[in-house]
Each structure stands twice: as C-alpha cells, then as structure tokens.
Amino acid sequence: MSNQNEPSTPSQRRNESPATYTRRRLLVAGAVAGLPLAVWLRTPDNTTIGADDVQAPTSTSPNSPSVPPSTSVPVVEPNSADSPGSINRELGFGMVNDDVASLQQRLRDLHFDPGPVDGWFGDATRRAVWAFEKLLLGVPSAQPTGVVTPSVWDEMRLPMTIKPRRSTNAQANHTEIYLPEQVLAIFHRDEPVVISHMASGELDENGDPAEWCELVTVDTDERGNLLDEPVEKDICGRSKTPAGVFEYFRRVEGIRHGALGSMWNPVYFNDGIAVHGAINVPLAPASHGCVRIPMHIADYFQDLIANGDRALVWNGRQQPEDVSERDMLPVFDYANPDATTTSTLTTPAAATTTASTMPPPTTLPTTVATSSTTVVES
C-alpha cells in the first residue's frame, strides 16, 4: 500500500541527484540488456542523457556464455510514474497479507500477471516473480527464488517502462520469446500487455534438445489440424523449440492432443509447435518443444494475438533473423525403434471416451490415463 510519507521519486529515496540516479539506472538496464540504451531520456532536473552518455558493459546470458550483445532482455526505460511504498519483510509462497496485495498490484502494473490481486502468494504470483527476476534482475533461468525481499521490492517499485527488443514503430503486435530466460512477452504496438514465465523444450545434460519416447494419443496432425479420428502412436522425438521468426497461423480452443503432447488453448506458430497452457510450468525447460505458459494466462492468451502476428524466438546464440531455415525447423516425431505394438483408435466411442475423460481445464493433470495410453503435456 502506498505510504503518503514515502518519498515519491527515486532520487529522494536514494538521496542522489536525478541525473545521477537516471545515469545509474541506465547503466544497470544497459548491463542487463547487454548494450547501451539507444534512447534519449530527460531526467527530472531537465538534464538530457543520450546513448553516448551511457557506457554500459557487455554482458551475456548466464545460460549461454557466447550470447552476443542485445540478446538478453528488452530495453527498460525509467519513467515518471508514481511508485508504491516500501516493505520491511520478505514476501514468499503461502503468505497472505496486504503487502502481498501491493506486490500483486505492482506486478500487474508492470504486466507480469500474478493472477487475482487477493493478497495470497500462490503459484501464479510466484511464477510472475520468477519472470521479473529472470527478465529484469538477470537471475539465471534455473535460479529465481520467487521471494521478494525488501531490496528486490526496491528494484520492482522503480518507475520503469519495458520496451520490446524488436520495435515495430508502434505499427504492429508481436510476441517475443526468450529461451535463455524462459520468459515470453506480448507487445501491442510496442507496449507490453503480458509478460510470463514459460517452459520450452527439455534439454539434455549437454544443453541439446532431449530425446523422448512415449505411447501417445494424437488427434491433430503435425500442423495442429484435427484428425478425423484419434490415433495411438508409439513414437520418439527431440524436444526442440526452434529459434527464428515465425507467424501464428492456427489456434484451437480447449484441449488438443498432438504428437508433442496435450495442450490447452494452443496457438501454433511453427508446424506442430504452439504456445499453450499447462499446469506443469517448472523452472527448467520441460516440454516436448512447445512453449508452456500458466493456465490462467492461457485462458485469455488467444484474445491477445491474431493469426499473422509475428513470434520472434531468441536462442541466446543468434538474433532470430539470423537463424537459418534449416535450424528453424522442428524435429518431427519418428517411430519408436523399440516399440512392440501400435494401434489406432477408430471407433467414435473411443474418441468420445477420450474426450469425456478429460477433466475441466482448471484441473487438467500432467498425465491422464486413457485406456492403455498415457497422454502427456507438451
């Protein structure tokens, strides 16, 4: 909750001049983004600071030592908005109090959706804090704490505006997917509308797409089109989430079972690879190649994007525009060489049974038994 006695500007809080404060914040933002900010800003004391005034060091993603400049996070610009008051305790999972409600409202203001502003620090709030830690504090993608200390809160309440890594000059809507940080951001005409923690394709011990082999029920083809009848397959694949520049081309409301697993409200952007809702959205990459987002965000995600909107995916090694057409291809599934039997579900009754056994979306489990088949989240 805002404290009327709390100083309203960052310069007052830190007992430094506005020019010094703005210069310091630009250095921090530039260091996280890996480049000087290519913007002109005016400080509260009317001092103009440009890109040439900011000598930011080059940094790399914690997960990718060879990351070139400008592939870490979007640009963060200071702004003049009022900031919330201070807190003097840590906020973490399971807590219920007014400070948590203030945290949730601040996350909402910054477009990190924490779920309802109800004062309860649950999974949705923790994942929103994860996204903030990874994207704006530079915490390695596997190491966010989900705990908001007074010092983290001081960073969070700084007046700031998050800008996309790829500006459209306010002409178009697009999505930016940052694989090293495991964060997704949707921008409408260069303004953020939602920023979310996500989980992409699982990696092996070498950091390469992990191999998987499973018996799955499939009701869509590789491009997400609905099959006449569901098919049971014993297949393998590689959990690759390709980087590059793509466009959303198809969406399906509700549950869909593809070769990469079960998806809630999927929106496809690369053959059978989609952004979709999932209950299990852990810190580590865990999907078969799709981009998992929390269910409460997936419930309205389709309303935020249109078919034809661009989806840019960063891999931490190249700019999306530099990824070759070959590397932009997903790894298509292949028959399990160790499979003993395969079968096809051909009767309408079987298809109906499969659909009717799915629980409501708010209780969709990680695995759902259907006859002898295990349906696994993508």
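All of the numbers you see were taken from the coordinates with simple rules; none came from a lab. Because the structure is a prediction, the values reported are computed rather than measured.
Side notes on the structure shown:
- Full extension of the chain between Ile279 and Val117 gives 56.3 nm of extra length, using 0.36 nm per residue less the Cα-Cα distance.
- The gain in end-to-end length when the Gln171 to Phe332 segment is fully stretched comes to 54.5 nm, 0.36 nm per residue minus the alpha carbon separation.
- Annotation: amide H of Gly201 within the under-5 Å range of Thr241, Ser287, Gly289, sequence separation 5 or more or interchain, hydrogens built in the peptide plane.
- The string of couplings for the range 158-163 from the Karplus curve (6.51, -1.76, 1.60, θ = phi - 60°) is 4, x, 7, 10, 8, 10 Hz, one whole number per residue in order, with x for Gly and Pro.
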